[in-house]
Amino acid sequence: MSIFPEINLFGLFSQLLVGMINGSFYALLSLGLAIIFGLLRIINFAQGAFYMLGAFGAWLSLQFLGLNYWWALLLVPVGVGLLGTLLERTLIRRISGEGELYSLLLTFGVALIVQGLFSKWFGVSGLPYQVPELLQGGIRLPVMYLPTYRVWILLLSLGVCLAAWLLIERTRLGSYLRAGTENPQLMKAFGINVPLIVTLTYSFGVALAGLAGVLAAPVYSVSPLMGSNILIVVFAIVVIGSMGSIGGAILTGLGMGVIEGLTKYFYPEASATVIFLVMVLVLIFKPAGLFARAA
Amino acid sequence: MNKRTLYCALVVLALLAPLAVYPVFLMKVLCFGLFACAFNLLLGFGGLLSFGHAAFLGTGAYVTGYAMSTWGLTPEIGLLVGTLASAALGLVYGALAVRREGIYFAMVTLALAQLMFFVYLQAPFTGGEDGLQGIPRGQLLGVVDLQSNMAMYYLVLAIFSGGFLLIHRTIHSPFGQVLKAIRDNEARAISLGYQVDRYKLLVFVISAALAGLAGATKTLVFQLASLNDVHWLMSGEVVLMTLVGGMGTFLGPLVGAGVLVSVEHALSSGTLGAYVHVAMGMIFVLCVLLFRRGIVGEFPHLVSKLAKGIRRRLPMR
């Protein structure tokens, strides 16, 4: 009898850790969405596809180029960012300023194409990707087993989120970005190359998704459907937090991951739906979102 | 007057069509056509993009399927129950979604629909991954045996026409005029004293009910309700049908449904089956970039262009 609380605690902490890992992915993805939305005023439906491309980038570069995890972590987000540049310059730019509806539909179409092609090429059952040797194993704490790789995900994504926040709030480039969010016309009048900033912003937001994809590859199996499943949850998260604030997007992402983890422990049947239910509650009690700026 | 002739011709065509074309194909087009018309009522005339309309199609499909196979209800009552269930869900979802605007409205509806997807995946009465199968078609009003595809076709045609007329009537009513005003300039509609949220909610419920009716009818035709009906891809598909056919036109959604069902049919019979989603994505991109008015919306422009061309060629009198 006395052993029960200990086992429970073990399970609880494990689920909490899983929740925080998921929360890191949510945070990276919703941060990217929020940055892109801030300047371009579009919802990037292809964000999930770029996350999937990140994971596949890691897998493909190991299979065909022999590049290990660390190279992938460095190069794949850059590659995904460049794909974003291509997409922004060729398609998204053409419909800028024509309303959020069309950009949503355009990026949805792109997401369908990418997901469809990868499903055809690689099947939908998912491919395995090894945890890098350096990060294998784990630490045994009194209350739980702490796999090294999961700690790494948590630390790295928190670091990246913090760096992105500093970049936007504390640097000159970030001040351009914030000014562009407020008034792009005036920025142009000051002689700042707004189209370039737009491209950079989109590529950066998309690269964050690519990074999340590389991080996710060893934890989840690499599958063409991984992007669309997570994206709908991330949409609910940006509705909950509102995309007005960068810090808000990060905090909501992490927080929702933790809530999901707790639900998995206490009432597993609802773990797939709990974030949507939180969204319903937020819509009822604070419809503008938790971190909405006063209008 | 011109329009009346067109509609009369279409009705005659629809009545004769099953003599020439496989009725099950026609019924599929009509079911998705009604679904797309319901969606278009919301997007084309109300300016509200719901990215979760599959929730209503699926609710109609599952509730009717369950009511008919388990409770043994007759088809007319079964259709009614499915439609009402969908309308009730529309009332709840609509009340939540109208609290946010624009892009957030789309995301809220998508997330709510995904909630419904998990409900139907996990609920004990929906058959999980298999869905509900072998749902009986039954006898309409205890007289007409729907097992015959011809009888079923005329029922589906009647349901579609009823839904279509309801939408037509709604748009041309004072309610519909206010709706268009809200779509075109919400701030002005508010300043004129209209409670826009109520209008949005009502049109949302009508649209959800008709989408549910489409799903219920589809269940009757194919004797099947499955997770495909509530999947987010289905929500995307109905957007695409409306976009291809012509947003904000009356016949556009039906034409769009016809085009997309045909494309899927053509692809799935060959080796290209795996590329259905790729094709859908490409049509999306092309429509947004080049073809926003859709087939029906583009038609008058083409006609006037042609007429101009012909007039130019004619010798001066």
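The values are calculated or read from the model by the stated rules, or taken from the named source; none is laboratory data. These numbers were taken from a predicted model, which means no experiment stands behind them. Cβ sites come from the backbone with ideal geometry, for glycine too, and all protein chains shown count toward neighbours. Note: accessible area is taken over every heavy atom of the protein model, side chains too, but ligands, DNA and RNA are not part of it. Shrake-Rupley method; radii C 1.70, N 1.55, O 1.52, S 1.80 Å.
For q values of 0.11, 0.15 Å⁻¹, compute log₁₀ I(q)/I(0) with the Debye formula on a Cα-only model of the stretch B:1-127, without solvent.
Evaluating at q = 0.11, 0.15 Å⁻¹ gives log10 I(q)/I(0) of -0.52, -0.88.
Given a 1.4 Å probe and no ligands, DNA or RNA in the count, how much accessible surface is buried by A and B, both sides, to the nearest 100 Å²?
3700 Å²
Over chain B, what is the relative contact order in whole percent, taking alpha-carbon pairs under 8 Å and six or more residues apart?
Across chain B, relative contact order equals 31 percent.
Would you list, by chain and number, the lysines whose Cα falls below 16 Å from the Cα of B:Lys180, excluding same-chain residues fewer than 8 positions away?
Once the sequence-local lysines are set aside, what remains near B:Lys180 is B:Lys200.
Be a star and scan the stretch B:1-38 for residues whose amide nitrogen sits under 16 Å from the point 7 Å along the Cα-to-Cβ vector of B:Asn149.
B:16-31, by backbone N distance to the label point.
At each listed q (0.13, 0.20, 0.21 Å⁻¹), what is the log10 of I(q)/I(0) that the Debye formula gives for the stretch A:121-173 modelled as equal alpha-carbon point scatterers?
Rounded to two decimals, the profile gives -0.59, -0.82, -0.84.
Pop out the carbon and sulfur fraction of the accessible area of the stretch A:4-285 as a percent, whole number, probe 1.4 Å. Walk me through the numbers before you get to the answer.
Details: 8220 of 11870 Å².
The computed percentage sits at 69.
Please quote Rg/Rh for chain B to two decimal places, taking the Kirkwood radius as Rh and restricting both calculations to Cα atoms.
With Rh from the inverse mean 1/r over Cα pairs, Rg/Rh is 0.99.
Express the accessible area of chain A per residue in Å², computed with a 1.4 Å probe while the remaining protein chains stay in the model. Working shown, then result.
On the way: 13050 Å² over 295 residues.
Accessible area per residue, chain A: 44 Å².
Before rounding to the nearest 500, sum -39500 (n - 2.57) across all DSSP H runs of length at least 4 in the protein assembly as shown and divide by the residue total; then give [θ] at 222 nm in deg cm²/dmol.
After summing the helix terms and dividing by the residues of the protein assembly as shown, the value is -25000 deg cm²/dmol.
Quick check: Cα centre of the stretch B:41-76 to Cα centre of the stretch A:163-224, how many Å?
40 Å
Just order A:27-40, B:88-101 by mean Cβ neighbour count inside 10 Å, highest at the front, would you?
Per-residue Cβ counts within 10 Å, averaged per peptide and sorted highest first, yield A:27-40, B:88-101.
Run through every distinct alpha carbon pair of the stretch B:98-162 and return the Kirkwood hydrodynamic radius in angstroms, one decimal place.
So the Kirkwood estimate lands at 15.4 Å.
Among A:Asn22, A:Asn44, A:Asn68, whose mean-square fluctuation peaks in a Gaussian network model of chain A (Cα, cutoff 10 Å)?
Among A:Asn22, A:Asn44, A:Asn68, the largest mean-square fluctuation in the Gaussian network model of chain A belongs to A:Asn68.
Need the C-alpha centroid separation for the stretch A:37-65 versus the stretch A:267-288, integer Å.
After rounding, the separation between the Cα centres reads 27 Å.
Translational diffusion coefficient of the protein assembly as shown at 10 °C, 1.306 mPa s, Stokes-Einstein with Kirkwood Rh over Cα pairs, in µm²/s as a whole number.
After rounding, the answer is 61 µm²/s.
Are there residues in the stretch B:98-142 whose accessible area shrinks by at least 50 Å² when all protein chains are included rather than the chain by itself, and which are they (probe 1.4 Å, ligands and nucleic acids not counted)?
B:Arg99, B:Arg100, B:Ile103, B:Tyr104, B:Met107, B:Leu110, B:Ala111, B:Leu115, B:Phe118
Averaged over peptide A:110-122, how many Cβ atoms belonging to another chain are found within 10 Å of each residue's Cβ?
Neighbouring Cβ atoms belonging to other protein chains average 5 per residue here.
Dividing the convex hull volume of the alpha carbon atoms of chain A by its residue count, what do you get in Å³ per residue? Intermediate results must be reported in sequence, preceding the final value.
On the way: hull volume 44.6 nm³, N = 295.
It comes to 151 Å³ per residue, whole-number rounded.
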